[in-house]
Amino acid sequence: MDDPTMPDRNFRSFNNRALPYTPIRSVTTVSSLNSNWSFRSVSSASSTDSSTFWKTPPKKWRPSACGFRRVSIPGLTILQHHISSRRLILLTILLALVLMRLILLPTYHDSMPSTVHDLSAFQPVRATLPSTDKKKPDPIRWLKENSNNRYAVSRRSPPNFSLLHSSKPRAALISLVRNSELEGMMQSMRQLESRWNRKYQYPWIFFNDEPFTEEFKAATRNLTSAKCYYEVVPREHWSLPEWIDEGRFMNSLEYLGTIGVGKGWMVSYHHMCRWNSGFFYKHPFLKNYDWYWRVEPDVHYFCDIDYDVFRFMRDNNMKYGFNMNILDDARSFPSLWTRTRAFATAHPHLIHPEADLGWLLDSTNGNEYNNCQFFSNFEIGSLNFWRGEPNEEYFNWLDEAGGFYYERFGDAPVHTLSVAMFAPKSEVWFFRDIGYQHDINHHCPPHREGKCSCQPTRMDENFYKLVPLESPQRKPADTCIRQFLGGEWLKKKKGWTMEGEKEFGGDGYHGYEMLGDEL
């Protein structure tokens, strides 16, 4: 993924302008706790002598000839007039047994939260779709019916008989990570396991361009009860292709470093972008899997996820899922759109009939690519979609032109353009309910109190964070996520103008009727 602020671990290094990472914490009000504490002692001048008080019980405690005097309790006296003593004793025993049963009843709070996904407060957001006669899945209804950990399979959860009639998706959590990134990987695993995977037990598959150490394997296995697998990337997928001019490549590395394109000077980073764009789904170990969730080292997951995301994707025929849609540095891939347009012209039969590329084109700039992208550090998708002929042809078209080495084609814009050309918007999902952070980019959904440990962010929060100040590129008239959603999300307040907002110190993107943080 094209993030100019990733940590320096050979192919994930901070550049000199990176901001320090600041963890986000939930706000807890403690003043009411601290200010109200008080300790009172019994005054020695009290009107009641403490020694006399403890030695002399109240009258109703005084023993009678048979032990203790009978106490008259309101309500009980009435029952005694209408119910025999034997029946009263039996009733008391029965009530005691019921109370004991309630107290001792095992709970499954860890794996089956009592508070389900509250769709009355948090509403999923999806793109405005064209009217069609085709009957399509209803993902919002699916969430209403299944956001109660219905398909949880952890050992602590009670038996779920519905699982007997519904096969589990062939899916996995995958991560491209190096041995030196163990601490960052453990951070990501702890949070995703706690928030989600401990309930669903999907396997972890780790990829590396060299063998994993025993230390890495032992440490990661200790963080999950799911299966873990450790695979090496084939050498032909992590080396300079034979058609690449090495001298030209070296010159491009120097140029990209000179103009400040994030990690553009690193050979391994170019290999990584190419592997994530067109090779990860071809790895032999993934041949028996249909779905994946990409997990980067040193990221944060802030929210409890109360449904099986892979079942959601499969049951609703989704091809791709994201939770940030933001602007990328155009200097990284100056020829990407020219080559993409040439591909579409040469292969019109591969373009999906319901494809929508309009949200990626800037009408004020000759319908050039506006450089919006799905932030692919977080992505949940269909492996079969990437394996399909359209995407394979597109990747090969870009790869043979050398853009992954002579420029810095990243997997994020490549995936974005591929999804836009080969899948309809109805098969792309905005996982707004999943809180996530990768370096300076973070996303936290509104109205999920009690489920997220982060402060909600505006929908447009991360729009141009990846674009350096020195980049001369033109920003589009609307934020990337709003262009994707379309419809009501693009409406502006009456009388508002971008120029007027900028005159008062704004950035020109606060004039929307729907602010994106009130749903």
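The values are calculated or read from the model by the stated rules, or taken from the named source; none is laboratory data. Since this is a predicted model, take the numbers as computed values, not measurements. Note that each Cβ is placed from the backbone with ideal geometry, even for glycine, and that neighbours are counted across all protein chains shown. Quick note on the areas: whole protein, heavy atoms, side chains included, nothing else; ligands and nucleic acids left out. Shrake-Rupley method; radii C 1.70, N 1.55, O 1.52, S 1.80 Å.
One table, with the values for the structure above:
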| read-out | value |
| --- | --- |
| D (Stokes-Einstein, µm²/s), Kirkwood Cα radius, the stretch 295-371, 1.002 mPa s at 20 °C | 133 µm²/s |
| Cα-based shape type of the stretch 344-411, given that a ≥ b ≥ c are square roots of the gyration tensor eigenvalues and the cut on a/c is 1.5 | rounded |
| 18 Å cut-off, amide nitrogen to a point 7 angstrom out along Leu357 Cα→Cβ, residues in the stretch 365-393 | 365-374, 389-393 |
| Contour minus Cα-Cα distance for Glu393 and Arg170 (0.36 nm per residue) | 77.8 nm |
| Rounded FRET efficiency, nearest 0.05, which uses the C-beta distance separating Thr92 from Lys135 and R0 of 41 Å | 0.10 |
| Local electrostatic count, Pro234, Cβ distance below 11 Å [Lys/Arg +1, Asp/Glu -1] | -1 |
| Length gained when the stretch Lys282-Ala342 is fully extended (0.36 nm per residue, less Cα-Cα span) | 19.1 nm |
| Linear extension gain, Glu499 paired with Glu215, 0.36 nm per residue minus alpha-carbon span | 96.6 nm |
| Where a label projected 7 Å from the Cα of Val153 along Cα→Cβ would reach, residues of the stretch 204-226 with amide N under 14 Å | 204, 225-226 |
| Percent accessible area from carbon and sulfur atoms, the stretch 290-397, protein chains only, probe 1.4 Å | 49 percent |
| Proximal charge balance of Pro476 [Cβ under 11 Å; K/R count +1, D/E count -1] | 0 |
| Anisotropy class of the stretch 450-519 from Cα gyration tensor, a/c 1.5 cut | oblate |
| Scattering profile of the stretch 171-485 at q = 0.07, 0.10, 0.11 Å⁻¹ [log10 I(q)/I(0), Debye over alpha-carbon scatterers] | -0.27, -0.56, -0.69 |
| Straight-distance crosslink candidates among lysines, where the alpha carbon sits under 18 Å from Lys136 and sequence neighbours closer than 8 are dropped | Lys144, Lys319, Lys425 |
| Per-pair calculated FRET efficiency, R0 = 35 Å: Arg235 and Gln473 via Cβ, rounded to 0.05 | 0.45 |
| Convex hull per residue volume in Å³, alpha carbons only, for the stretch 196-244 | 89 Å³ |
| Centre separation in Å (Cα based) which lies between the stretch 395-438 and the stretch 286-355 | 5 Å |
| Under 10 Å, Cβ to Cβ, from Arg311 - net charge with Lys/Arg +1 and Asp/Glu -1 | +1 |
